[in-house]
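Colleague: So that we are looking at the same thing, I have put the structure below in structure tokens.
The values are calculated or read from the model by the stated rules, or taken from the named source; none is laboratory data. All figures in this text were calculated on a predicted structure; none of them were measured in a lab. Note: ideal-geometry Cβ built from the backbone for every residue, glycine included; neighbour counts use all protein chains shown. We work out accessible area using only protein heavy atoms, side chains counted, and drop any ligands, DNA or RNA first. Shrake-Rupley method; radii C 1.70, N 1.55, O 1.52, S 1.80 Å.
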Amino acid sequence: MSPAGISGMRAAAGDLIEVARSLNEAEWQTPSAATGWSVRDVVSHVGCLLELLEAAVGGEALPDSGIERLNEVMVAERRGWDTARTLNNVEKQLEQAITLFTPLQEPSIASVETPMLDLGTYPLHAITDMFTFDMTTHLRYDILAPRGPISRPLSPLDETRSGPSVSWLLGGIAKMQPNLAGHLTAPLALHLTGPGARNVLIRAQAGTLFVDPLRSSDEAAATLTSTTGDFLAWSTARLPWRTLVTIEGDQSAATTFLDAINLI
């Protein structure tokens, strides 16, 4: 289960809303680091995604579309909304989502698998991990400097925000990119340092990827070392991995995998 996901989601939402409330109209309209989206679009996207997953948890059928295409359509539909309406909707959806998603951490249903469009199938408790990741990464890498256009003070990533975000990405390595296994030529150890630190082994078997806790007996062709904060950026292709990841071992196997990974 991921009870930490609720805490992470609350903290990430608080960060996003605090920054959003501080923006002037020119900043809202500024192009973000998310290609084709303004800062307002990025904030609006959070409300859209919350609505979508709330509906799905409530039993409604999800649209027959990939997540990225659906994101674009939903954000475009709301570009006519003014700033107040956009922010009010995000705050409203966050309040509703926390109420709706909290019971998903209960042991009786936490591990029930549910499809999330083309992202793969995940246990229900992972929904809060996804939103912790989504808000944390959009705010810190698409809205705020140095990668984004807005300068605001923000506390460094901590365990509360980083732990669920890392859990979401590690869970997605085997699911978000169906062809990624073809780019893994040998097992790789991933050593993530800092808040939410993890040590995992990434391996392929019969065309399927597996991400498991690293054991002392595991043999890896290379070890990839990165901070958890940097992992959020390079695993989603927001920043180049070459400046953020240290490789010890088989450079070719590591490079082939790192060049291919692009999580959502």
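Colleague: More than 13 Å from F131 (Cβ to Cβ), among the aliphatic types (A, V, I, L, M), open to solvent by 20 Å² or more (accessible area, probe 1.4 Å) and not in a helix (DSSP H, G or I): does that describe A61?
Modeller: When the stated conditions are applied, A61 passes them.
Colleague: Can you tell me which condition R40 does not meet? The list is (1) among the charged types (D, E, K, R); (2) within 23 Å of L144 (Cα to Cα); (3) part of a helix (DSSP H, G or I); (4) open to solvent by 70 Å² or more (accessible area, probe 1.4 Å), and all the others hold.
Modeller: (4)
Colleague: Within region 155-170, count every residue that is in contact with a helix residue (DSSP H, G or I) (Cβ under 6 Å, 6 or more places away or on another chain) and either among the aromatic types (F, W, Y) or within 17 Å of V200 (Cβ to Cβ) (or both). Give the derivation first.
Modeller: First pass over region 155-170, keeping only residues in contact with a helix residue (DSSP H, G or I) (Cβ under 6 Å, 6 or more places away or on another chain): 157, 160-168.
Those still in the list that are either among the aromatic types (F, W, Y) or within 17 Å of V200 (Cβ to Cβ) (or both) too: 162-168.
Total satisfying the criteria: 7.
Colleague: For region 14-36, what are the residues that are open to solvent by 70 Å² or more (accessible area, probe 1.4 Å), touching a residue at least 24 places away in the same chain (Cβ under 8 Å) and either touching a Gly at 6+ places or on another chain (Cβ under 7 Å) or closer than 16 Å to R85 by Cα (or both)?
Modeller: Result: R21, E25.
Colleague: Output yes when any residue across region 116-127 is within 20 Å of L258 (Cα to Cα), within 19 Å of the chain's Cα centre (by Cα) and in a loop (DSSP other than H, G, I, E, B), and no when none is.
Modeller: Step one: filter region 116-127 for residues within 20 Å of L258 (Cα to Cα), giving 119.
Subset that is within 19 Å of the chain's Cα centre (by Cα): 119.
Now restrict to residues that are in a loop (DSSP other than H, G, I, E, B): none.
The answer is no, given that none of the residues of region 116-127 is within 20 Å of L258 (Cα to Cα), within 19 Å of the chain's Cα centre (by Cα) and in a loop (DSSP other than H, G, I, E, B).
Colleague: Working carefully through the options T132, T102, find the one that is in a helix (DSSP H, G or I) and surrounded by fewer than 16 Cβ atoms within 10 Å (Cβ to Cβ).
Modeller: Values: T132 fails: surrounded by fewer than 16 Cβ atoms within 10 Å (Cβ to Cβ).
When all the criteria are applied, what remains is T102.
Colleague: Tell me which residues, restricted to region 207-222, are under 23 Å from the mean Cα position of the chain (by Cα) and closer than 30 Å to P156 by Cβ.
Modeller: Here is the first cut: in region 207-222, the ones under 23 Å from the mean Cα position of the chain (by Cα) are 208-214.
Answer for region 207-222, where residues must be under 23 Å from the mean Cα position of the chain (by Cα) and closer than 30 Å to P156 by Cβ: V211, D212, P213, L214.
Colleague: So, one more: Run down R147, R140 and say which single residue is in a loop (DSSP other than H, G, I, E, B), out of contact with any strand residue (DSSP E or B) (no Cβ under 7 Å at 6 or more places or on another chain) and within 29 Å of V43 (Cβ to Cβ). Explain how you work it out, then say what you get.
Modeller: Working: R140 fails: in a loop (DSSP other than H, G, I, E, B).
Exactly one residue qualifies, and that residue is R147.
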